[in-house]
1. Evaluate the following for GLY136: is it assigned to a loop (DSSP other than H, G, I, E, B), out of contact with any strand residue (DSSP E or B) (no Cβ under 9 Å at 6 or more places or on another chain), under 28 Å from GLN16 (Cβ atoms) and open to solvent by 40 Å² or more (accessible area, probe 1.4 Å)?
2. Cβ-Cβ below 8 Å, separation at least six or inter-chain, first residue in segment 107-121 and open to solvent by less than 70 Å² (accessible area, probe 1.4 Å), second in a helix (DSSP H, G or I) and of a type in the set (Val, Ile, Thr): which pairs?
3. Name the residues in segment 6-47 that are within 20 Å of VAL86 (Cβ to Cβ) and among the β-branched types (Val, Ile, Thr), would you?
4. Find the residue count for segment 5-27, including only residues that are among the polar types (S, T, N, Q) and free of Cβ contacts under 8 Å to residues at least 60 places away in the same chain.
5. If only one of LEU115, LEU121, LEU99 is part of a strand (DSSP E or B), within 24 Å of GLY39 (Cβ to Cβ) and not β-branched (Val, Ile, Thr), which one is it?
6. What number of residues in segment 59-94 are farther than 17 Å from TYR124 by Cα, open to solvent by less than 70 Å² (accessible area, probe 1.4 Å), at pLDDT below 95 and not in a helix (DSSP H, G or I)?
7. Considering segment 1-53 alone, what residues qualify as being among the small types (Gly, Ala, Ser), surrounded by fewer than 19 Cβ atoms within 10 Å (Cβ to Cβ) and in a helix (DSSP H, G or I)?
Amino acid sequence: EATNTAFNYLKANGSQISGSISTTTKDYIINYQDLNGIGMTKLLTLPSVIAIASSALGKPTLSSLAVLGEISISGTIQKVEELASVLQVCLDSGAKKVLIPITSAAELGTVPADLIGAFSLIFYSTPQEAVFKALGVE
């Protein structure tokens with residue numbers, strides 16, 4: 001479902017990211033894997049949008065990046081639930097940078113300081129901004 005939502009989002013909004021993103025002239029294949037064996041999340045729409053944009057533009061994402069947050073088909077940003085637990089999983093998985101929705105900034109006060117200090121936090125407020133920041137484009 002996340003893949004379909006991501007693809008539909010890019011069909012409607014891909015031109016706002018880049019005119020090079022085409023959902024009609026290219027095929028995209030996404031493979032999700034649970035490398036840690038902890039179970040797959042269903043919150044994969046934004047990471048899928050970033051993956052498709054990365055592939056379409058031939059530009060890799062930042063290294064050691066974890067993407068947090070979710071978007072709806074309309075592009076509405078949803079905050080991260082249980083932020084401290086999610087950041088701990090990111091740390092355990094080797095992430096050094098975390099892309100996080102600005103809507104979750106208020107919850108940082110509930111996260112231990114040493115956990116926050118383990119990352120370079122990168123905030124975004126729109127899906128387009130998340131794509132640009134994930135690809136290292138300012």
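The values are calculated or read from the model by the stated rules, or taken from the named source; none is laboratory data. Everything numeric in this text was worked out from a predicted model, so none of it was measured. Virtual Cβ from ideal backbone geometry, glycine too; neighbours counted across all protein chains shown. Each accessible area value is taken on the protein alone, full model and side chains, heavy atoms only, with ligands, DNA and RNA left out. Shrake-Rupley method; radii C 1.70, N 1.55, O 1.52, S 1.80 Å.
1. It is true that GLY136 is assigned to a loop (DSSP other than H, G, I, E, B), out of contact with any strand residue (DSSP E or B) (no Cβ under 9 Å at 6 or more places or on another chain), under 28 Å from GLN16 (Cβ atoms) and open to solvent by 40 Å² or more (accessible area, probe 1.4 Å).
2. LEU108/ILE116
3. Correct list: ILE38, THR41, THR45.
4. 7
5. Being part of a strand (DSSP E or B), within 24 Å of GLY39 (Cβ to Cβ) and not β-branched (Val, Ile, Thr) holds for just one of LEU115, LEU121, LEU99, which is LEU99.
6. 2
7. Passing the criteria: ALA12, SER15.
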